[in-house]
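Novice: Sharing a structure below in structure tokens format, with a few things to ask.
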Ligand SMILES: [Mg+2]
């Protein structure tokens, strides 16, 4: 079996109602997608936060056997392709391997620990409204009504906004719903500690990316000062970027993104490193239907951390924001039911790409 061609698609979805996290306002969602074609008539799909250069693909991917995924990973790495670009190709190779074996990707990875995954609603962004608190409370109650037992809210907008709204949302959803906050690196250490102390009174599941992603000493300081779970690392690329974070336990939970960190192959290495250091892994997910499917297969294969009668849940980040490339790109979209998502059971990633939807949002 040989790879005969790799097509790349730069896609963009224009957001109708812009929304903000602590760092930026989103008006457009952009994703790199690859289609890897083989001489066996089997095609695999992958997604990356960036795309590899055409020359790197032609010299290191085309002509190879897709089962040589480690060889291809290394060839791309040494050709200077960054981990996000490798992610796209790597995920497509796993899709091909699963389709060839007529097995879902999770089965190739050693089997599923669970058939379904509890989802947490990622939403509660800051929007252009006159009353933020009222809008956030309404949105949060909507998630509870839809069956979600966990959700995450964006903070990082200053103590006034953060503390008031975290308190209001916690009050609105009740004490049984798991509730995390995410500052997207918007604070420095001092502010993160001061605001974190106030927000922690609202019983937080975790405080995500309180400060700059590479400030390892800062994470240790914030973690010790607050005594609540600190998470992050969604932007880190390649195992080398994760090494110190994991070894020094700068975060209680790392959140690698399969389309940023280096694909399914690199994810497994990062997970092994985290497991050896007793650091929890909960994937980051903010992308198309391809990233959602790949993340579900990884979540199926994560053992409980640690094994317990009441283990810390394996949680799927369920993006509630508007994005047709997530909700329409797969012919049968992956959806939650009462806040729970079933692991895809079809061969490979278990999704079929709608080429009309892909063409509609392809910009290059
Ligand atoms: Mg985040």
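The values are calculated or read from the model by the stated rules, or taken from the named source; none is laboratory data. None of the values given here were measured: they were computed from a predicted structure. Backbone-built Cβ (ideal geometry, glycine too); neighbour counts: all protein chains shown.
Novice: Scan 4, 11, 26 and give me the residue that is within 16 Å of the ligand (Cβ to nearest atom), part of a strand (DSSP E or B) and over 30 Å from residue 303 (Cα atoms).
Specialist: Checking each option against the conditions leaves just 26.
Novice: Looking only at region 258-287, filter to residues that are touching a residue at least 60 places away in the same chain (Cβ under 8 Å) and surrounded by fewer than 24 Cβ atoms within 10 Å (Cβ to Cβ); which one of those is nearest to the ligand (Cβ to nearest atom)?
Specialist: Among residues in region 258-287 that are touching a residue at least 60 places away in the same chain (Cβ under 8 Å) and surrounded by fewer than 24 Cβ atoms within 10 Å (Cβ to Cβ), the one nearest to the ligand (Cβ to nearest atom) is 286.
Novice: Please work out if residue 155 is within 15 Å of the ligand (Cβ to nearest atom), in contact with a strand residue (DSSP E or B) (Cβ under 8 Å, 6 or more places away or on another chain) and either assigned by TED's automatic domain parsing to the domain that holds residue 96 or under 29 Å from residue 105 (Cα atoms) (or both).
Specialist: Values: within 15 Å of the ligand (Cβ to nearest atom): yes; in contact with a strand residue (DSSP E or B) (Cβ under 8 Å, 6 or more places away or on another chain): yes; either assigned by TED's automatic domain parsing to the domain that holds residue 96 or under 29 Å from residue 105 (Cα atoms) (or both): no.
When the stated conditions are applied, residue 155 does not pass them.
Novice: What about residue 122, is it within 16 Å of the ligand (Cβ to nearest atom) and out of contact with any helix residue (DSSP H, G or I) (no Cβ under 9 Å at 6 or more places or on another chain)?
Specialist: yes
Novice: Among the residues of region 198-216, write down those that are on the phi > 0 side of the Ramachandran plot and under 17 Å from the mean Cα position of the chain (by Cα). Step through it out loud before you land on a result.
Specialist: Quick first cut of region 198-216, residues on the phi > 0 side of the Ramachandran plot only: 203, 209.
Matches in region 198-216: 209 only.
Novice: Among the listed residues 82, 68, 90, identify the single one that is crowded, with 20+ Cβ neighbours inside 10 Å and modelled with pLDDT of 95 or more.
Specialist: Only one candidate passes the filter, namely 90.
Novice: A further question on this structure: One residue is enough: does region 309-318 have a residue meeting the conditions at pLDDT 95 or above, part of a loop (DSSP other than H, G, I, E, B) and under 28 Å from residue 16 (Cα atoms)?
Specialist: Within region 309-318, not a single residue is at pLDDT 95 or above, part of a loop (DSSP other than H, G, I, E, B) and under 28 Å from residue 16 (Cα atoms).
Novice: Six or more apart or on different chains, Cβ atoms under 6 Å: show the pairs whose first residue is in region 97-126 and touching a residue at least 24 places away in the same chain (Cβ under 8 Å) and more than 16 Å from residue 267 (Cβ to Cβ) and whose second is more than 16 Å from the ligand (Cβ to nearest atom) and part of a strand (DSSP E or B).
Specialist: 99/348; 116/340; 116/342; 118/340; 119/341
Novice: When the residues of region 299-312 are filtered to those that are touching a residue at least 60 places away in the same chain (Cβ under 8 Å) and under 22 Å from residue 121 (Cβ atoms), which remaining residue is surrounded by the fewest Cβ atoms within 10 Å (Cβ to Cβ)?
Specialist: In this case the residue turns out to be 302.
Novice: How many residues does region 238-257 hold that are assigned to a loop (DSSP other than H, G, I, E, B), more than 15 Å from the ligand (Cβ to nearest atom) and buried (at least 22 other Cβ atoms within 10 Å of the Cβ)?
Specialist: Looking only at that region, the number is 1.
Novice: Still on this structure, I have one more. Being within 16 Å of the ligand (Cβ to nearest atom) and either touching a residue at least 40 places away in the same chain (Cβ under 8 Å) or assigned to a loop (DSSP other than H, G, I, E, B) (or both) is the filter here, so list the residues in region 174-194 that pass it. Can you show your working first?
Specialist: Just the residues of region 174-194 that are within 16 Å of the ligand (Cβ to nearest atom), to begin with: 178-187, 192.
Matches in region 174-194: 178, 180, 182, 183, 184, 185, 186, 187.
Novice: Quick check on region 138-150. Is at least one of its residues within 16 Å of the ligand (Cβ to nearest atom) and either in contact (Cβ under 8 Å) with a residue 24 or more places away in the chain or within 21 Å of residue 295 (Cα to Cα) (or both)?
Specialist: For region 138-150, residues within 16 Å of the ligand (Cβ to nearest atom) and either in contact (Cβ under 8 Å) with a residue 24 or more places away in the chain or within 21 Å of residue 295 (Cα to Cα) (or both): present.
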